[in-house]
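Undergrad: Here it is, the structure in full.
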Amino acid sequence: MRYVMKKKYIEDIRLFTHTSTFFWYAALVVGCFLLPLVCDDYIASLLVFVCIYATAAMGLMLLAGFTGQVSIGHAAFFAIGAYASAILTGKGVPFLLALPAAGLVAGLAGMVIGLPVLRLSGLYLSVATMGFAFIIEEVLARWESLTRGNLGMFVDPPSIGSFHFDTETRFYYLALSVLVLTLLGSKNILRSPTGRAMIAIRDSEVAAQAMGIDLVRFKTIAFAVSAFFTGIAGSLYGHKLSFISPESFTLLVSIEFLAMIIIGGLGSIHGAVFGSIFYILLPQVIIMTKDYMPRLVRDQTGLESGLFGLMIVLFILFEPLGIYGRWLKIKYYFETFPLYKKDTFKKEKSYQKVERR
Amino acid sequence: MSFFEAEDISIRFGGVQALHRVSFAVNRGEVFSIIGPNGAGKTTIFNCINRYYDLDEGAFRLEGRDISKVRPHVVADLGIARTFQNVELFNKMSVIDNLLLGRHRRRRSNVLTELLFTGSVRDQELESRRKAEEIIDFLDLQAHRDQLIENLPFGIQKTVELGRALTMEPVLLLLDEPSSGMTLEETEELAFWITDIKAEFGVTILMVEHNMGFVREISDRILAVSFGEAIASGSTRDVLAHPDVLKAYLGDEDAFAQG
């Protein structure tokens, strides 16, 4: 067990609590950048999707996990980002500008939809966002002069100057860089007043107002920032697939984002990444183990979505904090070995609250 | 003109007249208590000040400015902090983060500078932290600094809530039953703190309280309400001895005699 002796306030504000944390995260990032050296194109392509989904999931995490506003319409922002970037690069705008522009357009959409919708709460909000996603899907299919409707659009691989991200490895570096910046930006927001205000809104709206937090304003900000990151991810997604059509952005995509952050662990940055890794990995594991499964299971249609659904149910039942919660427990086990007690993470609430409330 | 005034405030919930033309005035730098039996409308007064409810009639004035029409978060922006009867803290956050939320109204950063965590955001965070730490020292919360609220006992939670209100550096502090659920020792400590807050920080305090010993000890003036009406107001000694107040608390002497 290690104790950190903090002597300055800045030590609480810094990104990494101590040098070793910094070292491990740096090692992780370097390791991620070195990965393509040892893996083939297929794996690299999977890794690209992990990065893209993690970026989108981080966007949704800010809104659902930290601000407590559950959206089941995030596929819309993903779509807006993808289409904005496709249209802009198609018109000759350099990718380096189109990428943030895609995020901004999505963010703007988030703000516009946020203003009326965020006066709702809970289930009503979720259903409203879902309705919004349907509208966007429909608009993309009908606005043929701009989006070519259901015919879909071809998207060129992104390039900066004369450098083209046309191989899996190159695209992976791009997606990974975007993901790292997204995570850093999110972390920065979360350690600042806006991030605290978001969490405050999630925990108690009444108290948040008493702190001087303008609910509508900060919910709208959360919505816009969330949509911004998801839009950026959408842009990359379009470029990666090189072909987009409204069918790529259905309700199912929104639900998958939601599933990712629930499985990964609501209310944690790690959760967004864990969730997307899990989401990409699960089908692979199923394919690999398929030969060893009994025929009755193997030949079932919808095996993947079935298992995915089952996983969500199991996580909600047994590990509401998701993979991140499990990760914390395993870490704690090793830190305190051999003193770990199973009940360490149980709420002390149950017996402390007797009589006094 | 008093520092803070309630002018003929009335509010009705369906068939219940929760407050009827209640008026009072709080002077700068005093501890003003509102007492009354259960259901008298004391907390309703606070909820109206905070704009959780809309007044049917009347107005609140802070230094002459009408604050009964502003949006709820503006009340805090103007420097009115409050605590809640049953504690409204941010349960999944640590004590220090709860206190830092008190600094929200003092923030100068916006979401863009925060995204980049510029030097000015860092300096602002350090300054907030310094202020929060002053409050932690004042309320002896050092041992709990990094704990999650949901893991703390109720008495500590109440103290954290007081701390969070103080971190806002308010001009007017609303305390809703600060001593309820606290042990005798905690209540005694609270009395010291409130006296100190008044003397050292120069904060005006408006308090709803049931514990009469506590009220007697620290209040400068008192308003007694019963069934939504003001029945007495004035200096602590006068109000606590007022026959209507005794009647509201203990019942009618005749009724008692009649059994």
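The values are calculated or read from the model by the stated rules, or taken from the named source; none is laboratory data. Predicted model, so just to flag it, every value in this text is computed and none were measured. Here Cβ is always computed from backbone atoms with ideal geometry, including for glycine, and neighbour counts include all displayed protein chains.
Undergrad: Would you please name the residue that is nearest to the chain's Cα centre (by Cα), looking only at residues in region B:3-35 that are buried (at least 16 other Cβ atoms within 10 Å of the Cβ) and of a type in the set (Gly, Ala, Ser)?
TA: If we take residues in region B:3-35 being buried (at least 16 other Cβ atoms within 10 Å of the Cβ) and of a type in the set (Gly, Ala, Ser), then B:33 is nearest to the chain's Cα centre (by Cα).
Undergrad: Right, something else. In this structure, does residue A:270 turn out to be surrounded by fewer than 19 Cβ atoms within 10 Å (Cβ to Cβ) and farther than 30 Å from residue B:52 by Cα?
TA: On the way: surrounded by fewer than 19 Cβ atoms within 10 Å (Cβ to Cβ): yes; farther than 30 Å from residue B:52 by Cα: yes.
Yes; evaluated as a whole, the condition is true for this residue.
Undergrad: I'd like to check something: does region A:115-130 contain any residue that is in contact (Cβ under 8 Å) with a residue 60 or more places away in the chain, at positive phi and surrounded by fewer than 18 Cβ atoms within 10 Å (Cβ to Cβ)?
TA: Scanning region A:115-130 turns up no residue that is in contact (Cβ under 8 Å) with a residue 60 or more places away in the chain, at positive phi and surrounded by fewer than 18 Cβ atoms within 10 Å (Cβ to Cβ).
Undergrad: Test each condition in (1) closer than 25 Å to residue A:69 by Cβ; (2) within 18 Å of the chain's Cα centre (by Cα) for residue A:280 and report the one that comes out false.
TA: So residue A:280 meets the others, but not (1).
Undergrad: Oh, and also: Need pairs with beta-carbon distance below 6 Å; first residue on the phi > 0 side of the Ramachandran plot and within region A:315-327, second surrounded by 12 or more Cβ atoms within 10 Å (Cβ to Cβ) and not in a helix (DSSP H, G or I); sequence gap 6+ or separate chains.
TA: Partner pairs satisfying both residue conditions: A:322/A:265.
Undergrad: State whether one or more residues within region A:112-125 are of a type in the set (Val, Ile, Thr) and in a loop (DSSP other than H, G, I, E, B). Don't jump to the end; show me each part of the working.
TA: Residues of region A:112-125 of a type in the set (Val, Ile, Thr): A:112-113, A:117.
If we keep only those that are in a loop (DSSP other than H, G, I, E, B) as well, we get none.
Scanning region A:112-125, I find no residue that is of a type in the set (Val, Ile, Thr) and in a loop (DSSP other than H, G, I, E, B), so the answer is no.
Undergrad: Another question, if that's okay. Filter region B:88-103 down to residues that are within 7 Å of another protein chain (Cβ to nearest Cβ) and either at positive phi or without any contact (Cβ under 8 Å) to a residue 60 or more places away in the chain (or both) and give me whichever is surrounded by the most Cβ atoms within 10 Å (Cβ to Cβ).
TA: Top of the filtered list is B:90.
Undergrad: Same structure, new question: Have a look at A:78, A:33, A:16 and point out the one that is assigned to a helix (DSSP H, G or I), of a type outside the set (A, V, I, L, M) and out of contact with any Gly (no Cβ under 8 Å at 6 or more places or on another chain). Outline the logic, then answer.
TA: Numbers: A:78 fails: out of contact with any Gly (no Cβ under 8 Å at 6 or more places or on another chain); A:16 fails: assigned to a helix (DSSP H, G or I).
Testing whether each residue is assigned to a helix (DSSP H, G or I), of a type outside the set (A, V, I, L, M) and out of contact with any Gly (no Cβ under 8 Å at 6 or more places or on another chain) leaves just A:33.
Undergrad: Can you work out which of the residues in region B:104-126 that are part of a loop (DSSP other than H, G, I, E, B) and of a type in the set (Ser, Thr, Tyr) is nearest to the other protein chains (Cβ to nearest Cβ)?
TA: Start the filter on region B:104-126 by keeping residues that are part of a loop (DSSP other than H, G, I, E, B), which leaves B:107-110, B:117-118.
Then drop every residue that is not of a type in the set (Ser, Thr, Tyr), which leaves B:109, B:118.
Details: B:109: 6, B:118: 9 Å.
Across region B:104-126, the extreme among qualifying residues is B:109.
Undergrad: Those residues that are out of contact with any Ser or Thr (no Cβ under 7 Å at 6 or more places or on another chain), more than 30 Å from residue A:325 (Cα to Cα) and among the small types (Gly, Ala, Ser), I need them from region A:56-83; list them, please.
TA: Matches in region A:56-83: A:79 only.
Undergrad: Going through region B:129-171 one residue at a time, which ones are more than 10 Å from every other protein chain (Cβ to nearest Cβ), surrounded by fewer than 16 Cβ atoms within 10 Å (Cβ to Cβ) and in a helix (DSSP H, G or I)?
TA: Result: B:134, B:137, B:142, B:143.
Undergrad: Filter region B:65-87 down to the residues that are facing chain A (nearest Cβ under 7 Å), in contact with a strand residue (DSSP E or B) (Cβ under 9 Å, 6 or more places away or on another chain) and over 21 Å from residue A:68 (Cβ atoms) and list them by number.
TA: Of everything in region B:65-87, just one residue is facing chain A (nearest Cβ under 7 Å), in contact with a strand residue (DSSP E or B) (Cβ under 9 Å, 6 or more places away or on another chain) and over 21 Å from residue A:68 (Cβ atoms), namely B:82.
Undergrad: Same structure, new question: Can you pull out the residues in region B:8-41 that are over 17 Å from residue B:172 (Cα atoms), of a type outside the set (S, T, N, Q) and not in a loop (DSSP other than H, G, I, E, B)? Steps first, answer last, please.
TA: First, the residues of region B:8-41 that are over 17 Å from residue B:172 (Cα atoms): B:8-23, B:35-41.
After this cut, where a residue has to be of a type outside the set (S, T, N, Q) as well, the list is B:8-9, B:11-16, B:18-22, B:35-37, B:39-41.
Selection gives B:8, B:9, B:11, B:12, B:13, B:16, B:18, B:19, B:20, B:21, B:22, B:35.
Undergrad: Among the helices (runs of 4 or more DSSP H) contained in region A:187-300, which hold 1 or more residues that are more than 14 Å from every other protein chain (Cβ to nearest Cβ) and small (Gly, Ala, Ser)? Before the answer, list the steps.
TA: On the way: elements: A:193-203, A:205-210, A:215-241, A:251-264, A:269-289, A:295-298.
Per the criteria, A:215-241, A:251-264, A:269-289.
Undergrad: Among residues belonging to region B:142-171 that are of a type in the set (A, V, I, L, M, F, W, C) and free of Cβ contacts under 8 Å to residues at least 40 places away in the same chain, point out the one that is farthest from residue B:88 (Cα to Cα).
TA: Taking region B:142-171 first, the residues of a type in the set (A, V, I, L, M, F, W, C) are B:143, B:148-149, B:152, B:154, B:156, B:160, B:162, B:165-166, B:168, B:171.
Still in the running and free of Cβ contacts under 8 Å to residues at least 40 places away in the same chain: B:143, B:156.
Working: B:143: 21, B:156: 13 Å.
For region B:142-171, the residue satisfying everything is B:143.
Undergrad: Could you go through region A:167-174 and let me know if any residue there is more than 10 Å from every other protein chain (Cβ to nearest Cβ), modelled with pLDDT under 90, over 20 Å from the mean Cα position of the chain (by Cα) and not in a helix (DSSP H, G or I).
TA: yes
Undergrad: Scan B:83, B:118, B:113 and give me the residue that is modelled with pLDDT of 90 or more and of a type in the set (Val, Ile, Thr). Break it down into steps so the answer makes sense when it comes.
TA: Numbers: B:118 fails: modelled with pLDDT of 90 or more; B:113 fails: modelled with pLDDT of 90 or more.
None of the others qualify; the one that does is B:83.
Undergrad: Give me the strands (runs of 3 or more DSSP E) completely within region B:180-259, filtered to those with at least 3 residues that are surrounded by fewer than 21 Cβ atoms within 10 Å (Cβ to Cβ), ordered by residue number.
TA: Details: elements: B:204-208, B:221-226, B:229-235.
Counting at least 3 such residues, we get B:229-235.
Undergrad: Read through the list (1) surrounded by fewer than 20 Cβ atoms within 10 Å (Cβ to Cβ); (2) in contact with a strand residue (DSSP E or B) (Cβ under 7 Å, 6 or more places away or on another chain); (3) within 14 Å of another protein chain (Cβ to nearest Cβ), then give the number of the only condition that residue A:181 fails.
TA: Of everything listed in (1) surrounded by fewer than 20 Cβ atoms within 10 Å (Cβ to Cβ); (2) in contact with a strand residue (DSSP E or B) (Cβ under 7 Å, 6 or more places away or on another chain); (3) within 14 Å of another protein chain (Cβ to nearest Cβ), residue A:181 misses just condition (2).
Undergrad: Hey, another quick one. If you go through region A:21-31 one residue at a time, do you hit one that is touching a Phe, Trp or Tyr at 6+ places or on another chain (Cβ under 6 Å) and in contact (Cβ under 8 Å) with a residue 12 or more places away in the chain? Talk me through it step by step, then tell me what you get.
TA: The first filter runs over region A:21-31 and keeps only residues touching a Phe, Trp or Tyr at 6+ places or on another chain (Cβ under 6 Å), leaving A:22.
Right, trim to in contact (Cβ under 8 Å) with a residue 12 or more places away in the chain and you get none.
For region A:21-31, residues touching a Phe, Trp or Tyr at 6+ places or on another chain (Cβ under 6 Å) and in contact (Cβ under 8 Å) with a residue 12 or more places away in the chain: absent.
Undergrad: I need every pair where a residue in region B:16-37 that is among the hydroxyl-bearing types (Ser, Thr, Tyr) has its Cβ under 6 Å from the Cβ of a residue that is in a strand (DSSP E or B), sequence separation at least 6 or different chains.
TA: Between residues of region B:16-37 that are among the hydroxyl-bearing types (Ser, Thr, Tyr) and residues that are in a strand (DSSP E or B), the close pairs are B:23/B:6; B:23/B:7; B:23/B:8; B:33/B:207; B:33/B:222.
Undergrad: Yes or no: region A:66-74 includes at least one residue that is of a type in the set (Val, Ile, Thr), within 18 Å of residue A:251 (Cα to Cα), outside any helix (DSSP H, G or I) and in contact (Cβ under 8 Å) with a residue 40 or more places away in the chain.
TA: Yes, there is a match, as at least one residue in region A:66-74 is of a type in the set (Val, Ile, Thr), within 18 Å of residue A:251 (Cα to Cα), outside any helix (DSSP H, G or I) and in contact (Cβ under 8 Å) with a residue 40 or more places away in the chain.
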